[in-house]
Structure formats: C-alpha cells, structure tokens
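The values are calculated or read from the model by the stated rules, or taken from the named source; none is laboratory data. Just so you know, these numbers come straight off a predicted model, no measurement behind them. Don't worry about glycine lacking a Cβ; one is built from the backbone with ideal geometry, like all the others, and counts go over all protein chains shown.
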Amino acid sequence: MCRGSDVMLVGGGNSAGQAAVYLSQNARKVFLLIRGDDLCKSMSSYLAHRIMNTPNIEILRCTEVIRMNGDGHLNSVEILNKITGEKKTLTTAALFSFIGANPRTDWLPSEIEKDEKHFVRTGIELGDSRQWTLKRQPFLLETSRPGVFAAGDVRSGSVKRVASAVGEGSMAVQFVHEYLKTM
Ligand SMILES: Cc1cc2nc3c(=O)[nH]c(=O)nc-3n(C[C@H](O)[C@H](O)[C@H](O)COP(=O)(O)OP(=O)(O)OC[C@H]3O[C@@H](n4cnc5c(N)ncnc54)[C@H](O)[C@@H]3O)c2cc1C
C-alpha cells in the first residue's frame, strides 16, 4: 500500500523506530514525527542511529499532528513545530501511530487495585495497600484480590516484551499452585 509513496509515522519509541526502518524499504519517504528534540532519549541508540543514517527517513522533531485531511481516505496531515510555531501540510495517504497504549482494565472490580495509568498492581507493588488484608505477603504476580493473578503487559511495572509476558504466564500457573496450598 505504501510502496513508492510518502508515509508518516508518529512516535519516538522502539516500536516506531522499527516500523520506520521497515517502511523505508518500500516507501519513497518516511516522515517520523517526535514530540521531543532528541530521538536517542526515547529510542535505543542503535536504532536511532540507523534511522538517522537512512536517507529516506526524515525526523521531524518537536512536532505534533494538529489535523488530518481527507475525503473518504487520508490525503494530507497538518503538523506544528512547537518550538518555532511553524505549521506545514504534508501530502500523505498513510499515517501510523505508535504513541503507546491504554490497558483495557475498566471492567475489573475495584477490589483489584490499579496504578494511576490503570495497569494492575501485583506483588510487591501492593506495598501497604488497604485492599490487601491477608497476613501473608502477596505472591509476585498476585493482585490485591488473593488468588487472582495478572501477567504480561496489563501488569503494572511489567517489561512489555513478548518473552516476559510468556514467562509471567507460566509463572502465574506456579503461583496458582502455591495459592492453593495456602487454603
Ligand atoms: C507495535 C508493537 C511492536 C512490538 N514489538 C515488540 C518486539 O519487537 N519485541 C517484543 O518482545 N515485544 C514487542 N511488543 C510488545 C509485545 O507485543 C507485548 O509485550 C506482548 O504482546 C504482551 O503480551 P500479553 O499477552 O501481555 O498482551 P497482548 O498480546 O496484548 O494480549 C492480550 C490479549 O487479551 C485480549 N483481551 C483484552 N481484554 C480482554 C477481555 N476483557 N477478555 C478477553 N480477552 C481480552 C486482547 O484482545 C489480547 O488478545 C510490541 C508491541 C507493539 C504494539
């Protein structure tokens, strides 16, 4: 879909960086929009340097999307440089957003404690939580409701990587057995 055309990518993390490198192999040009002034602050340096050395990736620093235009499909995107106040309209048919994710934890009962960003608190993170009423400490992946465990991205403080999510899944099974022994 993007072959030979200009595409836009928003975000300064590793996911955005990997996508920019991938798209640069087929797109004519990749505009990478970041809110900060330095890619290396939010991206692994090997990836940031690779991007800076890829001729058809242009990094637009301190920049935000302010409007998307189109009729049925995207035609152009208006951007604002927050330092200079300069506004520009770039013609593009594709914009990819890599600006993070919100956990879908709204359905959980209030007895399962969450952090300020709605990720589920577990184990040591529960600290002196009023929700935790048992004498024993919670297991590593145990939520504020004894016997309920959380694993992977949804867990507050987790690494947000496939290998750790899978590992935590198998650890949770072990903790279920430990929990059952306490009953
Ligand atoms: C663009 C991108 C690039 C990434 N690149 C890498 C990488 O290169 N290497 C790496 O290690 N990690 C990478 N990650 C992170 C990796 O994808 C996650 O860490 C991993 O998928 C977390 O697994 P998880 O099982 O915890 O969550 P998820 O994979 O998000 O799985 C959660 C599942 O639960 C389902 N679900 C949600 N709510 C409910 C509900 N109420 N009932 C039933 N099901 C529900 C969802 O639909 C989803 O299928 C990347 C992530 C993104 C977004």
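Looking at (1) under 19 Å from Ile83 (Cβ atoms); (2) surrounded by fewer than 21 Cβ atoms within 10 Å (Cβ to Cβ); (3) more than 16 Å from the ligand (Cβ to nearest atom); (4) polar (S, T, N, Q), can you tell me which one Thr63 breaks?
(2)
When you check Glu113 against the structure, is it closer than 30 Å to Ala150 by Cα and either within 16 Å of the ligand (Cβ to nearest atom) or within 24 Å of the chain's Cα centre (by Cα) (or both), yes or no? Talk me through it step by step, then tell me what you get.
On the way: closer than 30 Å to Ala150 by Cα: yes; either within 16 Å of the ligand (Cβ to nearest atom) or within 24 Å of the chain's Cα centre (by Cα) (or both): yes.
It is true that Glu113 is closer than 30 Å to Ala150 by Cα and either within 16 Å of the ligand (Cβ to nearest atom) or within 24 Å of the chain's Cα centre (by Cα) (or both).
For region 25-69, name all the residues that are closer than 22 Å to Ala94 by Cα, free of Cβ contacts under 8 Å to residues at least 40 places away in the same chain and among the charged types (D, E, K, R).
Arg28, Lys29, Glu58, Arg61, Glu64, Arg67
In contact (Cβ under 8 Å) with a residue 24 or more places away in the chain, of a type outside the set (S, T, N, Q) and either assigned to a loop (DSSP other than H, G, I, E, B) or loosely packed, with under 12 Cβ neighbours inside 10 Å (or both) - does that describe any residue in region 131-138?
yes
On the given criteria, is Ala16 buried (at least 18 other Cβ atoms within 10 Å of the Cβ) and assigned to a helix (DSSP H, G or I)?
Yes: the conditions hold for Ala16.
If you go through region 67-98, how many residues are within 26 Å of the chain's Cα centre (by Cα) and more than 19 Å from Val30 (Cα to Cα)?
2
Inspect all residues belonging to region 142-158 and state whether any of them is more than 16 Å from the ligand (Cβ to nearest atom) and either of a type in the set (Phe, Trp, Tyr) or surrounded by fewer than 10 Cβ atoms within 10 Å (Cβ to Cβ) (or both).
No, that holds for no residue.
Could you go through region 72-79 and let me know if any residue there is within 16 Å of the ligand (Cβ to nearest atom), β-branched (Val, Ile, Thr) and either surrounded by 10 or more Cβ atoms within 10 Å (Cβ to Cβ) or within 23 Å of Gly13 (Cβ to Cβ) (or both).
No, region 72-79 contains no residue that is within 16 Å of the ligand (Cβ to nearest atom), β-branched (Val, Ile, Thr) and either surrounded by 10 or more Cβ atoms within 10 Å (Cβ to Cβ) or within 23 Å of Gly13 (Cβ to Cβ) (or both).
Within region 115-130, restricting attention to residues that are within 19 Å of Gly169 (Cα to Cα) and of a type outside the set (S, T, N, Q), which residue is surrounded by the most Cβ atoms within 10 Å (Cβ to Cβ)?
By that ranking, first place goes to Val120.
For Gly123, are the conditions met, namely being more than 11 Å from the ligand (Cβ to nearest atom) and at pLDDT 95 or above?
It is true that Gly123 is more than 11 Å from the ligand (Cβ to nearest atom) and at pLDDT 95 or above.
Could you identify the single residue in Asp71, Asp128 that is of a type in the set (Asp, Glu), outside the structural domain of Val10 (by TED's automatic domain parsing) and out of contact with any strand residue (DSSP E or B) (no Cβ under 9 Å at 6 or more places or on another chain)?
The unique qualifying residue is Asp128.
Restricting attention to region 139-149, does a residue exist that is part of a loop (DSSP other than H, G, I, E, B) and at pLDDT below 95?
Step one: list which residues in region 139-149 are part of a loop (DSSP other than H, G, I, E, B), which gives 139-141, 143-148.
Imposing the further condition that a residue be at pLDDT below 95 reduces the set to none.
No, there is no match, as no residue in region 139-149 is part of a loop (DSSP other than H, G, I, E, B) and at pLDDT below 95.
Looking for something under 25 Å from Asn14 (Cα atoms) and assigned to a helix (DSSP H, G or I) - is there at least one such residue anywhere in region 110-125?
no
Filter region 24-41 down to residues that are under 19 Å from the mean Cα position of the chain (by Cα) and assigned to a helix (DSSP H, G or I) and give me whichever is surrounded by the fewest Cβ atoms within 10 Å (Cβ to Cβ).
Lys41
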